[in-house]
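In what follows, a single structure is set out as structure tokens and then discussed.
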Amino acid sequence: MTDTQHDQDQDQECPASRILARQPESLVVGGYRGWLHFASERNVQRLREVRSHYIGLLGEQAGAAAMSGLERLIGNLGACANCPLRFLCQGSKHLCRDECLILGLVSGLQNGDEEAALLSAQFLSSSSQAPELLSAAAEFAMTLKFAGQQLLPIHAHTVDQFGGSIHAPHPTLH
């Protein structure tokens, strides 16, 4: 393969793969996918894999705290989501709408962007249940941040596109 071909191939790469190449974003999406795979398959091995990954990267204390925060977040989402939560297979280099919104929620909380966090919570649940979802997500977001895993900022206008308020041609990153 020539360098020109290599450059062209990289230009074709999905933008989500670059986001998921970052450890903080990968931890959030991988945890979300692992929990939802567990919920759909009732395969405890999925949770063990997520926990092992978190502890391996964050250490015993922070990894366990992150798992606890993720469990609270997913439990709350399961109780208040507008529709069944969507997710892609573990290892996918793409992001679906709900995964983008999870990233917007955690990023907004970590980066002090209340509007982005609130919009993400509203798109994932409802206006009335968004405050409870924000509270549930805060433990997870702050545990990751204090463990040195801060997500890049995702601004409210981008969250709005993911959520579908603005009819963007491609509301997800794939």
Determine which member of the set Cys96, Cys89 is at pLDDT below 90 and under 24 Å from Arg18 (Cβ atoms). Cys89
What are the residues in the range 122-164 that are outside any helix (DSSP H, G or I), in contact (Cβ under 8 Å) with a residue 24 or more places away in the chain and under 25 Å from Arg18 (Cβ atoms), if any? Ala147, Gln149, Gln150, Leu151, Leu152, Pro153, Ile154, His155, Gly164
Given the criterion within 24 Å of Ala16 (Cα to Cα), among the aliphatic types (A, V, I, L, M) and under 13 Å from the mean Cα position of the chain (by Cα), identify the matching residue among Leu47, Leu103. Leu103
Of the candidates Leu73, Leu77, Leu20, Leu105, the one satisfying the condition of being modelled with pLDDT of 85 or more and in contact with a Lys or Arg (Cβ under 7 Å, 6 or more places away or on another chain) is Leu20
Leu20 fails exactly one of the following numbered conditions: (1) surrounded by fewer than 19 Cβ atoms within 10 Å (Cβ to Cβ); (2) touching a Leu at 6+ places or on another chain (Cβ under 8 Å). What is the number of that condition? (1)
Name every residue in the range 1-17 that is surrounded by 10 or more Cβ atoms within 10 Å (Cβ to Cβ) and at pLDDT 50 or above, in order of residue number. Glu13, Cys14, Pro15, Ala16, Ser17
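The values are calculated or read from the model by the stated rules, or taken from the named source; none is laboratory data. This structure is a prediction, so every number in the text was calculated from the model and none was measured. Here the Cβ is made from the backbone with ideal geometry for all residues, glycine too, and neighbour counts use every protein chain on show.
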